[in-house]
1. Can you name the condition, by its number, that Asn193 falls short on among (1) part of a helix (DSSP H, G or I); (2) away from ligand 1 (no atom under 14 Å from the Cβ); (3) farther than 15 Å from Thr219 by Cα?
2. Tally up the residues in segment 258-277 that are farther than 11 Å from Val336 by Cβ and away from ligand 1 (no atom under 16 Å from the Cβ), please.
3. Take segment 199-245 and flag every residue that is within 16 Å of ligand 1 (Cβ to nearest atom) and either in a loop (DSSP other than H, G, I, E, B) or small (Gly, Ala, Ser) (or both).
4. Evaluate the following for Thr219: is it more than 16 Å from ligand 2 (Cβ to nearest atom) and β-branched (Val, Ile, Thr)?
5. Tell me, please, whether a residue that is more than 24 Å from Glu253 (Cβ to Cβ) and among the polar types (S, T, N, Q) can be found in segment 150-170.
6. Do you know which residues across segment 337-354 are among the β-branched types (Val, Ile, Thr) and either closer than 22 Å to Tyr217 by Cβ or not assigned by TED's automatic domain parsing to the domain that holds Phe289 (or both)?
7. Quick one: which of Thr296, Thr326 is of a type in the set (Val, Ile, Thr) and under 23 Å from Leu379 (Cα atoms)?
Amino acid sequence: MALQMTLKQQRACARASARQPFRAAAPAGRPRRCAVRVQATAAPNDLNAGLGFETMRDGIKKAAKESILTPRFYTTDFEEMEQIFSQEINPNLDMEELNACLTEFRNDYNKIHFVRNETFKDAADKITGDTRKIFIEFLERSCTAEFSGFLLYKELARRMKATSPAVAEMFLLMSRDEARHAGFINKALSDFNLALDLGFLTKNRTYTYFKPKFIIYATFLSEKIGYWRYITIYRHLQRNPDNQLYPLFEYFENWCQDENRHGDFLAACLKAKPELLNTWEAKLWSKFFCLSVYVTMYLNDHQRTAFYEALGLKTRQFDQHVIIETNRATERLFPVVPDVEDPAFFPLLNDMVEVNDKLCALDTQNMPDFVRALAKLPLQERLASMLIRLMFCKEKECGSVDVAGSAASQMAAF
Ligand SMILES: [Fe+2]
Ligand SMILES: [Fe+2]
């Protein structure tokens, strides 16, 4: 049965988010930064004039309209989740592997990482015009995605506390990380005088219901793709410091390790339900979720090429690199992944970008709604047919192999 979070639970999550500490000493191995008290200081309002952002009140941004490509909040069947992670019910739960993840989470490697410094506000004030607009949009999307992870993991932790306390603690510690990430980005938004009211979002945003198995596939992929996005931006800016327009990106190296650890934990969750990895249905869903995550990112990022160009990145190259690396990481676990390195794969995604651009352009044109809907129809049909073609794209049979079946077992005994 689908269970939505009650308003009371959602408020509790938002309050917990507000309590997360975001200040501490500078991490080792990096020049020490001066920890400063961060206030929701206003950027001069005229910097935001003409950018088209609406505010709920002074310094607080109205959330962007939800669409099929915007980050979502999720809910699931928490009772089924409890059963998956109950040691009494599920014999496939590998507590040794899960406890290794718990030890990593308890180590809290980034406890003292998310400390701001005095350069943030000045850097934000120097970002103006169109670049400012796309920066704010990027920050809002990132904050919403991180906060979505916080809400889901926090609720999973709460629901499993009685039945699976160890797994509940793992979800709780992941929600701790996501709250830090969301809070850190929201402080960045306050540098631009457009912070989000996360408590309001918790209560008012639509929650999308996903079955537990879909939640596990989707969160595993989003953690892994998040890791590759952050580390790719970080490494690029290390090589090109002149493009480091805003200090947030300096934090991505340690930050992305949180996402990597979350992905490893969710991989262990997938293994706790072997039918998610070793049936024909699993093959279908694995490929479907890979494609959904890759296409969503590709179309989203190509609508915002100006942001990546502002950092000196080539959007297409950046996205293709992130997809290839995420796919290589995923093929170690999923039974099937799309063959994204097949020469036909990215040209098809590029064709989808072209059609999507035409669809977006129709939204900006002044015309009656029914004319717009009619004009969109053939483009939507083309996009749908491309999605179907993608589902039949070349795939790779893969997945983890036990020692017994591995190449090493074919070699002479040591
Ligand atoms: Fe995160
Ligand atoms: Fe994460």
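1. The single condition Asn193 does not satisfy is (1).
2. 10
3. Ala218, Ser222, Gly226
4. On the way: more than 16 Å from ligand 2 (Cβ to nearest atom): no; β-branched (Val, Ile, Thr): yes.
No.
5. Of the residues in segment 150-170, the ones more than 24 Å from Glu253 (Cβ to Cβ) are 151-152, 154-169.
Narrowing the set further to residues that are among the polar types (S, T, N, Q) leaves 163-164.
Yes, the conditions are met somewhere in segment 150-170.
6. From segment 337-354, those among the β-branched types (Val, Ile, Thr) are 337, 340, 353; that's our starting set.
Val337, Val340, listed by residue number.
7. Numbers: Thr326 fails: under 23 Å from Leu379 (Cα atoms).
Criteria check complete, one pass: Thr296.
Yes/no matrix, rows are residues, columns are (1) touching a Lys or Arg at 6+ places or on another chain (Cβ under 6 Å); (2) at pLDDT 90 or above; (3) crowded, with 16+ Cβ neighbours inside 10 Å; (4) within 20 Å of Thr131 (Cα to Cα):
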{"residue": "Asp46", "(1), (2), (3), (4)": "no, no, no, yes"}
{"residue": "Asp58", "(1), (2), (3), (4)": "no, no, no, no"}
{"residue": "Gln87", "(1), (2), (3), (4)": "no, no, no, no"}
{"residue": "Pro91", "(1), (2), (3), (4)": "no, no, no, no"}
{"residue": "Leu98", "(1), (2), (3), (4)": "no, yes, yes, no"}
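The values are calculated or read from the model by the stated rules, or taken from the named source; none is laboratory data. As the structure is a prediction and not an experimental result, all values here were calculated from the model. Every residue, glycine among them, receives a Cβ derived from its backbone with ideal geometry; neighbour counts consider all protein chains shown.
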